[in-house]
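Novice: Attaching a single structure in structure tokens format; questions to follow.
What follows draws every value from the coordinates through simple rules; no lab data is involved. All figures in this text were calculated on a predicted structure; none of them were measured in a lab. Neighbour counts run over all protein chains shown; Cβ positions are idealised from the backbone, glycine included.
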Amino acid sequence: MTFVKLDQRFSPYQMPCVIIGSIVDGRPNFMTLTWASRVNRSPPVWMVSVNVKHYTMEGIRENKAFTINFPSIDLMQKVDYIGVTSGRQADKSKLFTIFYGDTKAPMIEECPLTMELTLTSLNELPDHFVVLGTAVNTFFDERFLSDGKPDLEKMNLIIYTGIEGNPSYWSIGEMQARAFKIGKEFKA
């Protein structure tokens, strides 16, 4: 077997493609982000990593609140557009139907799943802020339920792979196995 060295920044993992919302200079603003994950179950704390240069970060710092919106594949072109367009140059809020919850941070009605968070902490790294937020409310479009539960196949969320030279959007695809079950079968 032969191994080759890769750039240290290489990441082989798929990441959720989300839209972060905040109020900046008194108006709703959105940005595309792919470094996002839940990091605590109770209370539900989420982490997003935002480049220090992003306009949206100004709103998160000022208002101590933001949203994470999970878009479906049918929003892919708008998602990419808001990822390559700064809120300093364009009003991206006009692309969506916006609603607000308790934090007054903007949420996107077209997304199957959206949540509003209050800022818990900020950790500044050389080129990114690691932003931790506690979920205050989570909203789910009932059209994407099956048997009363969220249906990932119906949601058809966007997945991002950031392989250098070939960044791409993907859909989730089909389920391969039930977690916490297939390993038990192997164990037996």
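Novice: Fewest Cβ neighbours within 10 Å first, please rank K92, K64, K149, K187 accordingly.
Specialist: Numbers: K92 24, K64 16, K149 9, K187 6.
In increasing order of surrounding Cβ atoms, one gets K187, K149, K64, K92.
Novice: A 32 angstrom limit on the alpha carbon distance is what I want to check against. Which of K149/K187; K154/K181; K104/K154; K78/K104; K104/K181 exceed it? Present the calculation step by step, with values, prior to reporting the outcome.
Specialist: Values: K149/K187 29 Å; K154/K181 23 Å; K104/K154 28 Å; K78/K104 23 Å; K104/K181 41 Å.
In this structure, K104/K181 lie more than 32 Å apart at Cα.
Novice: Then there is this: Can you give me the distance in nm between label points at V45 and Q77, each placed 7 Å from the Cα along the Cα-to-Cβ direction?
Specialist: Distance between the two pseudo-spin positions: 4.1 nm.
Novice: What's the longest piece of the chain with no exposed GluC sites (Glu not before Pro), counting a site as exposed if DSSP puts it in a loop and it has at most 15 other beta carbons within 10 Å?
Specialist: No qualifying site falls inside 1-108, the longest such stretch.
Novice: Here is a follow-up. Using just the C-alpha positions of the chain as equal point scatterers, what log10 of I(q)/I(0) does the Debye formula give at each q in 0.13, 0.14, 0.19, 0.20 1/Å?
Specialist: Debye intensities relative to I(0), on a log10 scale: -0.73, -0.83, -1.41, -1.52.
Novice: Also, quick follow-up: Which aspartates and glutamates, on any chain, are close to K5 with Cα under 19 Å apart, when same-chain ones fewer than 8 places away are left out?
Specialist: E164
Novice: When only alpha-carbon atoms are used, what values of Rg and Dmax, in angstrom, describe the stretch 120-182?
Specialist: For the stretch 120-182, the Cα radius of gyration and maximum Cα-Cα distance read 16.8, 46 Å.
Novice: Mind giving me the FRET efficiency for K184 and T85? R0 is 45 Å, r the Cβ-Cβ distance, nearest 0.05 is fine.
Specialist: 0.45
Novice: Additional query: For the charge dipole of the chain, defined by +1 on Lys and Arg C-beta atoms and -1 on Asp and Glu C-beta atoms about the Cα centroid, which residue among I98, F139, M76 has the Cα displaced farthest towards the positive pole?
Specialist: Toward the positive end, the furthest listed residue is F139.
Novice: Calculated from DSSP H runs of 4 or more alone, at -39500 (n - 2.57) each and per residue, what is the 222 nm mean residue ellipticity of the chain, nearest 500? Could the numbers behind the result be given before it?
Specialist: Details: 4 runs with 28 residues, N = 188.
Theoretical 222 nm ellipticity from helices: -3500 deg cm²/dmol.
Novice: Over the chain, with a Gaussian network built from C-alpha contacts below 10 Å, which listed residue (P71, P126, P44) shows the highest mean-square fluctuation?
Specialist: Result: P126 has the largest fluctuation of those listed.
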